[in-house]
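Here it is, the structure, as structure tokens.
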Amino acid sequence: MKNFFRSLSKKLPSRSRVAGAIQGVIGDKLPKSMQIEMQFVDEDKGLIDPVVIRQHVCIFVHGSADTEAGWSAKAPQLNFGQQLLIEFGAAPLYIRYNSGLSVSDNGENFARLLQEFLARHKSVRKLTLIGHSMGGLVIHSAIYHARAQNLAWIKKVHQVFLLGTPHAGAPLAKLAEKGEQILQFIPNPVTLIAASVIGLRSRGLKDLSQGQRGLPAEGKILLPKTKYVFIAGGLQKKPKGIFNRLMGDGMVRHGSAQAEESPATGAAAAWLKKVIPWLSRAARVHVEIVPGTNHLALRTSPKVYAVIRRHFAA
């Protein structure tokens, strides 16, 4: 019987994962005392001031209804942060936040957290940001707020990896939004109640239906001269399989996984970028498709790490 309960406890999600899921669904409606604050975490504990002895820091930003535990890999496999530390000396840091809040609010909180962190750790010279799903939108929002407030940390952003970020909106979030709109127009008490229940979903989930369009950045979200790697997953191992084209990673389609904003194109722009790249102010954008990797697997897949590793080494 003891072995049964031990095996059952291993299958049950941790308290932090349950809390993350609750925050994602109704986090903006919880009392302040129950809301997760934007913070660095390590081994399920908040860190007021992370200890960093490396010049290159890599910060991981989880997605909606998730926590930093989503980046964990099954033993003996190492997670992305551990591998980057071993191979490139980039110190990994993980944040936890209330994904039920609006993307704009979380972005502003993240921008402030980074500003305070780098004010205490002036030895840090280079930042790499890695975001999964909504985490990518939070990164975009943080950069927008940092540029608007002229925060110094954005000058240290070397590269940004966005894993399955729904720039065009997440289909399930859009479906909930359309369902609420349709039910509101049906003059029936039951449907009106159903619409009200759907309407209780958090501001963060509502922002997922908007994607990039919900950001207060007027479409310009990429930092000049910064490397961006947009990584999209796929349900099928065959790159051009019909399910990959229609459904992407199951949550985010391929087209949505990359930003609408793109660098300047044309013969002159290509020549400028090739011959004198330091004069070009356009972001350096790379799009990678990783077939056979669903939305959640993007956080831990060895194939995704291989892509990250290749761009780190470049």
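The values are calculated or read from the model by the stated rules, or taken from the named source; none is laboratory data. Note that the coordinates shown come from a computational prediction; the quantities given were computed from them, not determined experimentally. Note: ideal-geometry Cβ built from the backbone for every residue, glycine included; neighbour counts use all protein chains shown.
Filter segment 224-247 for residues that are in a loop (DSSP other than H, G, I, E, B) and out of contact with any Lys or Arg (no Cβ under 8 Å at 6 or more places or on another chain) and give the result.
Result: Leu235, Gln236, Lys237, Lys238, Pro239, Lys240, Gly241.
Kindly indicate whether any position in segment 204-225 is surrounded by fewer than 18 Cβ atoms within 10 Å (Cβ to Cβ), touching a Phe, Trp or Tyr at 6+ places or on another chain (Cβ under 9 Å) and modelled with pLDDT of 80 or more.
Within segment 204-225 (the criterion being surrounded by fewer than 18 Cβ atoms within 10 Å (Cβ to Cβ), touching a Phe, Trp or Tyr at 6+ places or on another chain (Cβ under 9 Å) and modelled with pLDDT of 80 or more), the answer is yes, since at least one residue qualifies.
What are the pairs, 6+ residues apart or on separate chains, where a residue within segment 10-24 that is under 12 Å from Ala69 (Cα atoms) and surrounded by 13 or more Cβ atoms within 10 Å (Cβ to Cβ) has its Cβ under 8 Å from a residue that is of a type in the set (S, T, N, Q) and modelled with pLDDT of 80 or more?
Close Cβ pairs (under 8 Å, with a partner that is of a type in the set (S, T, N, Q) and modelled with pLDDT of 80 or more) amount to Ser16/Thr67; Arg17/Thr67; Ala19/Thr67; Gly20/Thr67; Gly20/Ser99.
Does Asp249 satisfy the criteria of being acidic (Asp, Glu), at pLDDT 80 or above and closer than 17 Å to Val103 by Cβ?
no
Quick one: in segment 27-49, of everything that is in a loop (DSSP other than H, G, I, E, B) and under 26 Å from His167 (Cβ atoms), which residue is farthest from the chain's Cα centre (by Cα)?
In this case the residue turns out to be Ile36.
While we're looking at this one, here's another question. What are the pairs with Cβ atoms under 8 angstrom where one residue, in segment 241-261, is β-branched (Val, Ile, Thr) and the other, located anywhere, is surrounded by 19 or more Cβ atoms within 10 Å (Cβ to Cβ) and outside any loop (DSSP other than H, G, I, E, B)? Sequence gap at least six, or different chains.
Short answer, once both residue conditions are applied: Val252/Ala232; Val252/Gly233.
Another question, then. Which condition does Val52 not pass, out of (1) part of a helix (DSSP H, G or I); (2) in contact (Cβ under 8 Å) with a residue 12 or more places away in the chain, if it passes all the others?
Evaluating Val52 over (1) part of a helix (DSSP H, G or I); (2) in contact (Cβ under 8 Å) with a residue 12 or more places away in the chain leaves (1) as the failure.
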